[in-house]
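First up is the structure itself, then whatever we jot down about it.
The values are calculated or read from the model by the stated rules, or taken from the named source; none is laboratory data. Predicted model, so just to flag it, every value in this text is computed and none were measured. Here Cβ is always computed from backbone atoms with ideal geometry, including for glycine, and neighbour counts include all displayed protein chains.
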Amino acid sequence: MNNTAYFPGCSLKAEASDYERSAAAVMEALGQPLEELERWTCCGTVYSLTDDDLMHQLASVRNLIRAQECGAEEIVTLCSMCFNTLKRSKVFIEQDAARLETVNAFMDEEPDYEGGIEVFHLLEILRDQVGFESIEGRVTRPLSGLRVAPYYGCTLLRPREIGIDEPDTPMILQDFIRTLWATPVEFAFQAECCGTYQIVDTPEMVLEKSHRILSSAMRAGAEVMVTSCPLCMHNLRLCYEELRSSLPEKRELSIVYWTQLAAIAFEVETGELPASMDKLLEGLPTSMELVR
Amino acid sequence: MSIPSENTIRIYVMGSAYEVPRGLTIMDAMEHAGWRFTRGAGCRSGFCGACSTVYRHEGDYRLRFVLACQTEAEDGMYLVQLPFTPAPRVSYTLAALNPDENVLLQHYPEIARCVSCNTCTKACPQDIEVMDYVQAALRGDIAQTASLSFDCIQCGLCSMRCPADIKHYHMAQMARRVYGRYMSPITEHLEERIVEIEKGVYAEEVDALVKMTRGELEEIYAARVVE
Ligand code: SF4
Ligand code: SF4
Ligand code: FES
């Protein structure tokens, strides 16, 4: 990994702490421990679409300045929403010297942002810098036969200029799942929006969208669904609990963070897993059992 | 009015010019000019936060924020007092709270509106990293919110400036209370001492103190142990 500062974001310090714990353990196991950015602030959550509203870019740019201050060349995030906001903000502000100048003039208590700090999602770092091969080499408990649905949602892939993979035909999660010896289960709604923040105002709409995603994956035969976004996780799990009876019956679906799946395969700290996941894993030999 | 001399400066209070002696605090200078504080002055020692003052230097575009009792008046200051901040405070029963990482956000949801402009920090006369404590609160770090905001005197200047209408100091006070009630380590000897005090095991010590000379008192004060 290059000189990389890890940006956790607020959710990972609260609701999604299992995501952070498993990611930290996985990166430690790969010999590339995450180094948390000092004095980071909220990313700004939800990229502002008005192009004359520079106030809503401050949060992101301030984090880029923090990275610059500690000599990092890039920021890595786990939360898809933070990734999306930080990266779009970076692109927007670096596109136009006048914008950058206005923002720098406003933040006169900080050193100027000079541009050039890269923003990555951890999946990209693993694919492009660490290499999926070295991950495969670290697997001690192959997830053979486990049928895993890759759920991308929107913010990892769209808009195209900042996405980590092809927005319509992404492969990165499937490749990652294969790296852990599990079987990716493709399904129609893998890049469909879960409904995001609308959960606050129009929960019915969110439940409907999430229901479509879950049932499509379950019908395709998935036992596990992985996500990279704490908000997607919240909506999908809520939908799974509330509308369980109307989902394809007889099968349980364990919704986990993609890093938790890797942590299982590496046999390191996974964070809390749903009870259904523990049940699935009972059938999978651990490295100790494999040796015997 | 005469031109300020070597020993005087000119200040402007709500637009009117006054010539006052050099070297006074803003509060003393205003009183020298004939203003009487019925609000906006309390401890006169930088602790109560009553004397929030906004000023601008002649020719400068920037507003600055200080405590009137702690800051020397300078030539060309345009001054106004802000003795009160109309900030709503949420009521709660400390003992009945669920002190999890969402407790601050639930009681002061507007902290989620923070855009990280840092205007609050620039307004704070106590040099507190106000934005940083709001951000710590946002991610549920109660201990950090409590520790960063420790020197807050509740002057309200941050809240008057915040574009997101956040009520920093009430939220931070809640964080310190939650921290004190649920998270700070218990000191055993304090607990013991409280029991002693309840039993009245202080009468002799107080009697001894009363009989001491000023010099003796100063000596034991200087030698006291601070944790
Ligand atoms: S002034 Fe308000 S919006 Fe700006 S950083 Fe402070 S709390 Fe956030
Ligand atoms: S944090 Fe706000 S209320 Fe507290 S001292 Fe600073 S400006 Fe005043
Ligand atoms: S009068 Fe109390 S802080 Fe100034």
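Tell me which residues, restricted to segment B:65-99, are more than 16 Å from ligand 3 (Cβ to nearest atom) and more than 20 Å from B:S149 (Cβ to Cβ).
Correct list: B:E74, B:D75, B:G76, B:M77, B:Y78, B:P86, B:T93, B:A95, B:A96, B:N98.
Among the residues of segment B:126-137, which ones are within 6 Å of ligand 2 (Cβ to nearest atom) and buried (at least 21 other Cβ atoms within 10 Å of the Cβ)?
Selection gives B:I128, B:V130.
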Going through segment B:8-45 one residue at a time, which ones are exposed (fewer than 15 other Cβ atoms within 10 Å of the Cβ), more than 15 Å from B:L67 (Cα to Cα) and within 16 Å of ligand 3 (Cβ to nearest atom)?
B:R36, B:T38
Would you be able to tell me the number of residues in segment B:83-106 that are under 30 Å from B:V66 (Cβ atoms) and within 16 Å of ligand 1 (Cβ to nearest atom)?
4
Check A:T85, A:T50, A:T102 and return the single one that is free of Cβ contacts under 8 Å to residues at least 40 places away in the same chain, out of contact with any strand residue (DSSP E or B) (no Cβ under 7 Å at 6 or more places or on another chain) and more than 11 Å from every other protein chain (Cβ to nearest Cβ).
A:T50
What is the residue count in segment A:134-161 for residues that are surrounded by 24 or more Cβ atoms within 10 Å (Cβ to Cβ) and touching a Gly at 6+ places or on another chain (Cβ under 8 Å)?
1
Counting only residues in segment B:86-111 that are surrounded by 15 or more Cβ atoms within 10 Å (Cβ to Cβ) and more than 15 Å from B:H170 (Cα to Cα), the one farthest from the other protein chains (Cβ to nearest Cβ) is identified as B:L97
If a residue counts only when it is within 16 Å of B:V103 (Cα to Cα), which helices (runs of 4 or more DSSP H) contained entirely in segment B:117-227 have at least 2 such residues?
B:130-138, B:142-148, B:168-178
In segment A:1-30, residues that are modelled with pLDDT of 95 or more, in a loop (DSSP other than H, G, I, E, B) and under 17 Å from A:R127 (Cβ atoms) total 1
Criterion (modelled with pLDDT under 95 and surrounded by 16 or more Cβ atoms within 10 Å (Cβ to Cβ)) met by exactly one of A:L253, A:L247, A:L231:
A:L247
For segment A:200-215, the count of residues that are exposed (fewer than 13 other Cβ atoms within 10 Å of the Cβ), of a type in the set (S, T, Y) and assigned to a helix (DSSP H, G or I) equals 0
Segment B:113-133, subset of a type in the set (V, I, T) and more than 15 Å from B:G49 (Cα to Cα), residue nearest to the other protein chains (Cβ to nearest Cβ)
B:V115
For segment B:138-153, state whether one or more residues are within 14 Å of another protein chain (Cβ to nearest Cβ), within 10 Å of ligand 2 (Cβ to nearest atom), farther than 18 Å from A:H56 by Cα and surrounded by fewer than 24 Cβ atoms within 10 Å (Cβ to Cβ).
yes
In segment A:176-193, is there at least one residue being under 18 Å from A:M27 (Cα atoms) and free of Cβ contacts under 8 Å to residues at least 60 places away in the same chain?
yes
Starting from segment B:159-174, keep only residues that are touching a residue at least 12 places away in the same chain (Cβ under 8 Å), then list their pairs with residues that are of a type in the set (A, V, I, L, M) and within 16 Å of ligand 3 (Cβ to nearest atom) whose Cβ atoms are within a distance under 6 Å, requiring at least 6 positions of separation or different chains.
B:R161/B:A123
